[in-house]
Structures are given as C-alpha cells and as structure tokens.
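Report on the following structure.
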Amino acid sequence: MSCRVSPVGIFDSGLGGLTVYKAVRELLPSEKLIYFGDTARVPYGTKSREAVISFSKEIAGYLILKKVKMVVIACNTATSLALPEIRRMAQVPVCGVIEPGVKAALATTPPGGRILVIGTNATVASHAYEKALHRINPSVEVMEQACPLFVPLVEEGWTDKSVTEDAALEYLSPYLSKKINTLILGCTHYPMLEKVVRNIMGSKVHIVNSALATAYAVRQILEKEKLLAPQRCRGTDRFIVSDSPGHFSVMANRLLGLSPQKVMVKRF
Ligand code: DGL
C-alpha cells in the first residue's frame, strides 16, 4: 500500500548518485525516494568551491520544499565542500557519503596500512578524506589521486572503452608499487568503473564503494530519528534532473539497470 510518509531526497551532479540511490532503494523498499541529478551543471569536480556550495544549497533547498524528511548528499564533491552549509540550512537530518565510506575503509585496513583515495579534483583538493580517515585512525597512510576524466566518461556511458582503460592506467599506475591495501572510490560515479580499476590494481587491493555503507547510514539515521516508513508501505521513486532527461534515463538503464518511469526537469 502507498502511505502518507515524507520522502528521502538524494542528490548528485548527475548519474553517479544513482549508485547510492540503488543501494538505498534495495535496503529500504518502503521509502519514498526523490532523486535529483544536476545534469545541466555536471561535472562538479572541476568547479570552484563557491560554485559547488551554491549549486548544492540550491538543490537541498528545492528538496526541502518538497518536504523531504532527510537529505542524502550522494556526491563526494558536494559532501567535501558543502556538507556543513547544508546541515546549517536544513531542519532535517543530512547524510553525506564520506563518513560512511571512511568507516568502511578503516574496517578492512590493517593498522598503519595504506589507503589510496581517488576522486574529483575538488574532493582531492579539499583533503576531506584524509582528514576524516586520520580523525578516526591517524596511523594509516593516505594517498589521494584526482581522476577528472572519469566523470565525463561515465556520463557518456563509456565504462568499458579502451580510452577509459588508458585514462585509468595513467591515473593509477604510479600507485602499483606503493603496496596499497585499500582503494576508496571517492566519487559516486566511480563504482561504475570498478571493473576497470580492479583490473589495474589487482585482486589484493580492497576496493571500497561507499554506496552500500551510505545506505546503511541512512537507515540508521531514519531509525534513530523514528522516521522510517512502516514496512507495510510501498516505496515510490521520483527522478528529477536539471537537463537532458532522455539521456539520463538511457544511461541509468545502461549503467545500473534502472528504468526510471518518468524523469522530470527542474531548471534553476
Ligand atoms: N559524483 C560526484 C562525486 O561523488 C560528482 C562528480 C562530478 O560531478 O564531478 O564527487
């Protein structure tokens, strides 16, 4: 049955946050979800801090107007730069992707181990991962590598092309001799390139995709705040983008097997 419960709002610059959306949908089948992809302004990772904060606040404000009971920032770049601002403006809980990913990474990294974080230029420049990892465990060695071509390649659906493998090799080969224990996919687009990354890094490196960890964090927050939808409710999905809804639908299907029924457009 459909129930009168408030939705959870999830946003990203484009398709990447769908990796988080998918994990939340699987874990919380009774919830109403609204997904917003800022396809008119993707990528965020090459934009200034001011731009990312302003776009993120605009979208969070829009979701709040839609009466969401929680905001999930399914974007590492926006989490790195705008999480405190969004928390300040929202009267509802706000969850980013970095803390859940950091906890998942530390759970499988030995003391003093080596962690490589890959992300957008903006995420890497913010050192948000390094700070969050060291806050919990100062003994790990953290390396950070920006991979700015990855997001456009994913948005284009080029997850298995040789140009993508070449770019990945260029970014990652300097780390092959560094005895990396754990690699964090520090951008929600990157799980769609996990196979390419795995082929380069080899089977011994533990690869962390924070989507699942974020979904568990969302459930924990909703439980704690007594905001979980009753189990008898049937979840619903709404997809909203700021441009090109057709491309979004096709790619959501091709990359993640999702079939958004209807994708609305909201321009800012
Ligand atoms: N998927 C986002 C992230 O996790 C944004 C990437 C981008 O738009 O550059 O960082």
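A short reminder: the numbers here are calculations on the coordinates, not readings from a lab. The model shown is predicted, which means the values in this text are computed figures rather than measured ones. Glycine also receives a Cβ, built like all others from the backbone with ideal geometry; neighbour counts cover every protein chain displayed.
Multiplying the residue separation of Glu170 and Thr108 by 0.36 nm and subtracting their alpha-carbon distance yields 19.7 nm. Modelled this way, with points 7 Å down the Cα-to-C-beta line, the labels at Asn121 and Ser54 are 1.8 nm from one another.
Comparing mean-square fluctuations of Asp38, Asp12, Asp237 from a GNM of the chain with C-alpha springs under 10 Å, the top value falls on Asp237.
At q = 0.23, 0.24 Å⁻¹ the log10 of I(q)/I(0) for the stretch 154-244 amounts to -1.17, -1.23, computed by Debye summation with a single uniform scatterer per C-alpha, solvent ignored.
Within the chain, the longest run free of trypsin sites (Lys or Arg not before Pro) that sit in a DSSP loop with at most 12 other Cβ atoms within 10 Å is 68-177.
The alpha-carbon positions of the stretch 56-155 define a convex hull whose volume is 110 Å³ per residue. Helices in the chain that qualify as membrane-span-like (whole DSSP H runs, Cα extent of at least 20 Å along the helix axis, mean Kyte-Doolittle hydropathy of -1.0 or higher) are 49-65, 210-224. Just checking the listed ones, Ser126, Ser56, Ser80: in the Gaussian network model of the chain with Cα springs under 10 Å, the one fluctuating most is Ser126.
Our helix-only sum for the chain, with -39,500 (n - 2.57) per DSSP H run of n ≥ 4 divided by its residues, gives a mean residue ellipticity at 222 nm of -13000 deg cm²/dmol. With each label modelled as a point 7 angstrom along the Cα→C-beta vector, the Gln231-Gln261 pair spans 2.5 nm. Coordinate range of the alpha-carbon atoms in the chain per principal axis, descending: 54, 38, 36 Å. Extending 7 Å from the Cα toward the beta-carbon at both Phe268 and Lys67 defines two label points whose distance is 2.4 nm. When all alpha-carbon pairs of the stretch 24-106 are counted, what percent fall beyond 19 Å? Roughly 39 percent, once rounded to a whole number. Taking 12 Å as the cut-off, the amide N atoms of the stretch 151-175 that come nearer than this to a point 7 Å along the Cα-to-beta-carbon line of Thr46 belong to 151-153.
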